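The values are calculated or read from the model by the stated rules, or taken from the named source; none is laboratory data. All values reported here derive from a predicted model rather than from experimental measurement. The area values use the complete protein model at the heavy-atom level, side chains included, leaving out ligands, DNA and RNA. Shrake-Rupley method; radii C 1.70, N 1.55, O 1.52, S 1.80 Å.
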Amino acid sequence: NRYNSDSVADIVTRTSYIFEYQELVTVEKVEPAIASSSGGAHASIYGSGFDEDKQMVVRFKSQINSELHAYANITHVATDRIDFMIPPGIYVGIGGEGLATVTVSANGQDYSSSEAIFYYIESVNVISVEPKCVPEQ
């Protein structure tokens, strides 16, 4: 026999690989779709293929520079909705205003091909309100 126990055929048949098929993750919308560039507000992203047993990731990616992105702090995962805290928008443009695309991943590497658009607006600080009181009607 010209093949011994270390032949290529034996090695191939003795080697096994684990491969897991994952349901396709899709994004339909994010609500609210507009918030302060300071971040920290609660929001939800709706879609399908979300799995609470996976390491779900919500990524906000700058439309000005695709190299710039931030990750949301996820608070809850359901099969069709992920609740999260909006990350600060300082990476999207001057003053933190601008558009970001929002995508989701079930493994932190492969992101949904569908996306939602999110708009950051400049943060507003209210110093005072006049008049301080108004008569009841």
* Equivalent ellipsoid semi-axes - Cα gyration tensor, the stretch 26-121, angstrom -> 21, 13, 11
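Accessible area per residue, 1.4 Å probe, Å², for the stretch 26-121: what's the number? Present the calculation step by step, with values, prior to reporting the outcome.
On the way: 4860 Å² over 96 residues.
Using a 1.4 Å probe on heavy atoms only, each residue of the stretch 26-121 averages 51 Å².
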* If contacts are Cα pairs under 8 angstrom and at least 6 residues apart, what is the relative contact order of the stretch 26-121 in percent? -> 36
